[in-house]
Amino acid sequence: MDLFETNFTSLDWCIVVAYLVISIFVGIWANRYVGNIAGYLVAGRTLRIRLALATMTGTEIGLVTVMYSAELGFTQQYASLYLALYELVILLFIGLTGVVVYRLRQSKVLTIPEYYEKRYSRGVRVLGGVVMVMSGVLNMGLFLKAGALFLVSVTGFTEPEWLQQVMLDTFNYHEPVGLKLIMTALLLLVLFYTVLGGMISVVITDLIQFVILGSAMVIVSLFVVNEVGFDGFSEVVTVQNGYFDPTSTDNPSTAKPDDGIGPVTLTAQFVVLVVALMLWPTGASRTLAVKTPEIARKLYLCSTIPFLARRSLPVLWGIGAFAFFHSHPALNEQFQAAVQAGGDVNTQAAMPLFLAKIIPSGLLGLVTAGMVAAFMSTHDSYLLCWSGVITQDVVAPLLKNELTNKQRILITRVAIVATGIMLLTWGLWYEVSSNLWQYMAITGTVYLAGVFPIVIGGLYWSRSSSAGAYIALLGGLTGILGLDPCIKFLNAQFVAMGTSIAVNSNILMLMTFAFSLLGFVAGSLLWPDDRPHDSQSATAKGANP
Amino acid sequence: MNAWMTLWTIVLAGGVLGMVGLLLLVTAGAIRELKESLTELSADVAEASDSETASK
């Protein structure tokens, strides 16, 4: 069996293309419902619980989620399920208590930076908007690459010889361009219908995607269990030295010592997930789009199920891929050689390469359409969210809110295209050496470390001040140091200084959170705002309907 | 099978069964709610175009 052998045929391509055509049609059709900026950004706040839940599931089960969860399943096996457990517990807590989300929806703001202005000042809003967009765009910087890698692996796509020749003759370019072309095509497709329809087209397509994707996930899981068998899953631990205890720092499935999870990673990931589940802008935008604060709370409670599914099912596929490759030593050798060689194959490719061999043609097309759906549903929501922040929280406040609805929609559309171009550039350039989830957690920390004290303090602590908020936002920027190139640089400096200190991304993430929190408290106590502020009043009066 | 593996089996089974349940319980209601939301948005668009015409 060859590593790139696949069951994907012309029939599967037809299914995927038919799905994409329907998505474009929906984008054009939804445009008729865009009347004002609230309609464009939060679907006029008309979402009720079931629709909100379906669309939130569509957004949060992205292809990138599937890819990083499956990658963790492949590299850390059962132990990686601690993230699913964390999300379950945290969402249950938020859903039962309504902590933060209830008051946030009560404030009737459109975006989190808008809350910054209401509670603190316009300057905090603009800086908060800039930090949020920076973190968000960096965070989704590898979405395109992960999506394209899935498609290339599952379809067995190889670029035609004539294309290689054209690239060589015209640009003197020797590298393969297939992955890059697929990335560009996917981006253009998402840009097209997000620009046209805004949140309304996002909601409609998310609903379609929820049905296709949800069904695809269940079907794939059944095939994986059928292929590997219950004995096979058990042998992952008993025979293949699989990793199952996340408190241990040693991953027994690898030869490298201390490359497991352990207490520091467990702590850092818990902090990141608590804040991300409450305040990650795309999730928060769904909270702000529902009809009432009570629905916002219920939405979190109901989200426990899809969030559990989005983490656990792809991990199951990743563990299945681990068991499959280990029971086919020749294939495993080919895969390890391809990973070592660099290029476009890395540990993320294990799951799609595995699925391409076990899912029959026809069904593979449906599953791929589901995954493309997952890719687009996340991409459209994220693009809309970041561009909405650029319009509402950076450009509009700087122009003293003298923009008409039409101008705001136009700026948002331009921002969507500009963000898309940045994503493509970053995705083509940046090489991630850690796992994909770690990259997401680090880039997310840039925003999360600041927003946590600012929003919680704003909602529950009357002495919170603008000075504290500025310090917290700037403190969050230190999270960038957790990226691979920065860590390598820092550790090289420590070695050059002759110290035995070595940092890793989890330590830097925890330090960023601590720095922002302490800075916020100290800044608020040392430089209180001139005007007295009641944290409750900021939630009760709203500028937006 | 130790306690960790029992826990992970519950998490995995919960994920599969949860997704099946979600698809069965939410889909029909969500489609109905989408129709209601689109009706409300249509009214908003009509209102917005009326006010634009009046202001001209």
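Quick one: which of A:Asp2, A:Asp12 is more than 14 Å from every other protein chain (Cβ to nearest Cβ), open to solvent by 10 Å² or more (accessible area, probe 1.4 Å) and modelled with pLDDT of 75 or more? Only one candidate qualifies: A:Asp2.
How do the helices (runs of 4 or more DSSP H) wholly within region A:314-425 filter down when requiring 1 or more residues that are within 18 Å of A:Met1 (Cα to Cα) and of a type in the set (A, V, I, L, M, F, W, C): which remain?
Ranges flagged: A:329-340, A:350-358.
Just one of the listed residues (A:Pro306, A:Pro246, A:Pro314) is over 30 Å from A:His379 (Cα atoms), in contact with a Leu (Cβ under 9 Å, 6 or more places away or on another chain) and crowded, with 23+ Cβ neighbours inside 10 Å, and it is A:Pro246. Of all positions in region A:302-310, none carries a residue that is over 20 Å from the mean Cα position of the chain (by Cα), hydroxyl-bearing (Ser, Thr, Tyr), on the phi < 0 side of the Ramachandran plot and at pLDDT below 90.
Against the test of being in a helix (DSSP H, G or I) and under 18 Å from the mean Cα position of the chain (by Cα), the options A:Val224, A:Val236, A:Val220, A:Val274 yield a single qualifying residue, A:Val274.
Annotation: A:Ser69 fulfils all but one of (1) modelled with pLDDT of 75 or more; (2) closer than 23 Å to A:Leu288 by Cβ; the unmet one is (2).
Looking at region A:59-170, the helices (runs of 4 or more DSSP H) lying wholly inside it that each contain 3 or more residues that are charged (D, E, K, R) sit at A:112-119.
Output the number of residues of region A:340-374 satisfying the condition of being open to solvent by 10 Å² or more (accessible area, probe 1.4 Å) and either closer than 28 Å to A:Gly229 by Cα or touching a residue at least 40 places away in the same chain (Cβ under 8 Å) (or both).
13
Taken together, A:Asn251, A:Asn241 contain a single residue that is open to solvent by 60 Å² or more (accessible area, probe 1.4 Å) and either more than 13 Å from chain B (Cβ to nearest Cβ) or in a helix (DSSP H, G or I) (or both), which is A:Asn241. When A:Ala148 is tested against (1) open to solvent by less than 10 Å² (accessible area, probe 1.4 Å); (2) within 21 Å of A:Ser466 (Cα to Cα), exactly one condition is not met: (2). Candidates are the residues of region A:500-521 that are of a type in the set (Ser, Thr, Tyr) and part of a helix (DSSP H, G or I); the one that is nearest to the chain's Cα centre (by Cα) is A:Ser505.
The values are calculated or read from the model by the stated rules, or taken from the named source; none is laboratory data. This one's a predicted model, so the numbers in the text were calculated from it and none came from an experiment. Because the Cβ atoms are built from the backbone with ideal geometry, glycine has one as well, and the counts that use them run over all protein chains shown. The accessibility values were calculated without ligands, DNA or RNA, using every heavy atom of the protein model including side chains. Shrake-Rupley method; radii C 1.70, N 1.55, O 1.52, S 1.80 Å.
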